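What follows is calculated from the coordinates using simple rules that are stated; it is not laboratory data. Computed from a prediction, not measured in an experiment: that's the story for all the values here. FYI the Cβ positions are ideal-geometry reconstructions off the backbone, even for glycines, and counts take in every protein chain you see.
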Amino acid sequence: MFQVVNGGTPSADADNWGGGVAWATPVDLGRHHGKAIAETARTLTPRGLLTGSAAVPAGSLVVSTRAPIGYVAQAVVDLAFNQGCRGLVPEERVDPRYYRYAFVSLIDSLQSLGQGSTFVELSSEALAAVLIPSPPPEQQRAIANFLDTEIVRIDTLVAKKRRLAVQADVRWRSQVVKELQLAGRSSTGPTPWIEDPLPDRWELRPLKRLITRSWGGDWGLDPGGAAWELPCVRAADFDFANLVAQVGVRRSFDAITLASRVLQPGDFVVEKSGGGEGVPVGRVVAWRGEGAAVPTNFAGGMRPSGDVDATFALLAFRVAYEIGLPWRSIKQTTGLQNLDLGHYLTHQLPVPPLEDQRAIARLLMRELERVRSLQSRMEQQIALLQEHRQALITAAVTGELEVPGVAA
């Protein structure tokens, strides 16, 4: 029914890359799983295709056979692919949409057929031996037409729920900016992010006046390498959406390190090195784990001041990040962003009296809890829709579901 074609990767020679031949990897197939594919992250020249890869014509299927096994997409252009994929070229008249859906229904079975010690792979022979339901062409077409309509409906609902979750978070972030009397990035003057004039009894304070002290982090030693073993908090441990860190990787530290670098519950952890393209370093969360911890050497600790509400201070650092203040204090080295914390803490933000700080903090944290509850509901509903999507495809291609135009 299909000819199995193995893929490949040409050499790094510049003459092989950047041409007009789409070249798929399992990552590309993951982005188009169960759908059509016409564009890929990288492309080959005709020379690259000839010397190091293989291509299948439009109307073929391409299946990922390692890292991971089971993604499938339908080529709508001539498509090359690497050795982590295999092409399926129809040898008889078929509706490729139907077989695309059929392979989506078989993803668990395909993964169970993988073998290998270094990495798990589905061989050409194992792929060729897979049994797949094969109704007559007119029934293939009817099933594919039915699934095209139903899958679009489900995917539209999923996209809508994802938008609702994102929009709720955007509204909360905008509310934080508004409640702290900030203008965002649009104003002018020495502090263009601050609304002018400020409300009565509000004052401008540098960020350093929201804390009593700051300190650097330490990566410590492997467990057992020193007397004390504690969580070491990395940026990867941040739950920035909820402004907390609750876990860290276990490391060991000596008493001298702990004397100057230990975090207590309620202290802040600031990301000092890292970031990415368009994403600044400088996120701040509160340590909410059980007992003491130490920030990693790519982070630092900060202790909230006793004369400000700690939650308000945390929200102030969140809004400083939201309006882009870290960019003003970042030093870039070889692709790594480094936050000049001393300079960053000189930036000013509006601060109200203590009772107003507490009221604002309560309001914003209640709203954050509401947003996270909505997002949790959206995630649950999306999971149910995706389960229904997979079950619908399986039932349709196996004949368990009565599809219009398909004889029982």
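Evaluate E = 1/(1 + (r/R0)^6) for A395 and S117, where r is the Cβ-Cβ distance and R0 equals 45 Å; express this FRET efficiency to the nearest 0.05.
With a Förster radius of 45 Å, E is 0.80.
Mind ordering 217-228, 19-30 by average Cβ neighbours within 10 Å, highest first?
Listed from highest to lowest mean packing, they are 19-30, 217-228.
Report the local net charge at I360: Lys and Arg +1, Asp and Glu -1, summed over other residues whose C-beta lies under 14 Å from its C-beta.
Residues close to I360 contribute a combined charge of +1.
Using R₀ = 22 Å, calculate the FRET efficiency as 1/(1 + (r/R₀)^6) where r is the Cβ-Cβ separation of S134 and D108; round to 0.05.
FRET efficiency, S134 to D108: 0.65.
Add -39500 (n - 2.57) for each DSSP H run of 4 or more in the chain, then divide by its residues: what number comes out at 222 nm, to the nearest 500 deg cm²/dmol?
Estimated from H runs of four or more residues: -11500 deg cm²/dmol.
In debye, nearest 20, what is the charge dipole magnitude of the chain about its Cα centre with +1 on Lys and Arg Cβ and -1 on Asp and Glu Cβ, if you could check?
In debye, rounded to 20, the chain gives about 920.
Quick check: Cα centre of segment 192-251 to Cα centre of segment 51-85, how many Å?
46
Where Lys and Arg each count +1 and Asp and Glu each count -1, what net charge lies around Q337 among other residues with Cβ under 12 Å from its Cβ?
That sum, taken over residues with Cβ under 12 Å, equals 0.
At what distance in nm do the modelled label points of T149 and S260 sit from each other, each positioned 7 Å from its Cα along Cα→Cβ?
7.2
Seen from all sides and averaged, what is the projected area of the convex hull of the Cα atoms in segment 2-134, in nm²?
Averaged projected area of segment 2-134's Cα convex hull equals 7.6 nm².
Take each of the peptides 32-45, 284-297, average the number of other beta-carbon atoms within 10 Å over its residues, and list them starting from the highest.
284-297, 32-45
At 7 Å along Cα-to-Cβ for each site, give me the label-to-label distance between T156 and E367 in nm.
3.3
Just add up the charged neighbours of L29: K/R +1, D/E -1, any other residue whose Cβ is under 13 Å from the Cβ of L29.
+3
For the chain, please report how many Lys pairs fall under 27 Å Cα to Cα, leaving out neighbours fewer than 8 apart on the same chain.
Lysine pairs meeting the criterion: 9.
Would you kindly calculate the mean projected area, averaged across all directions, of the convex hull enclosing the Cα atoms of the chain, in square nanometres?
26.1
Could you give the angle, 0 to 90 degrees to the nearest 10, between helix 310-322's Cα long axis and the longest principal axis of the Cα atoms of the chain?
Helix 310-322 and the main axis of the chain meet at about 50 degrees.
What residues of segment 218-255 lie in the reach of a label at S376, counting those whose backbone N is under 11 Å from a point 7 Å from the Cα along Cα→Cβ?
Nothing falls inside the zone, counting backbone N under 11 Å.
For V170 paired with D200, estimate the spin-label separation in nm (one decimal), with each label point 7 Å from Cα along the Cα-to-Cβ line.
3.7
Answer with one residue from V158, I132, W23: the one whose Cα lies farthest towards the positive end of the charge dipole of the chain, charges on Cβ with Lys, Arg +1 and Asp, Glu -1.
Checked the options; the winner is V158.
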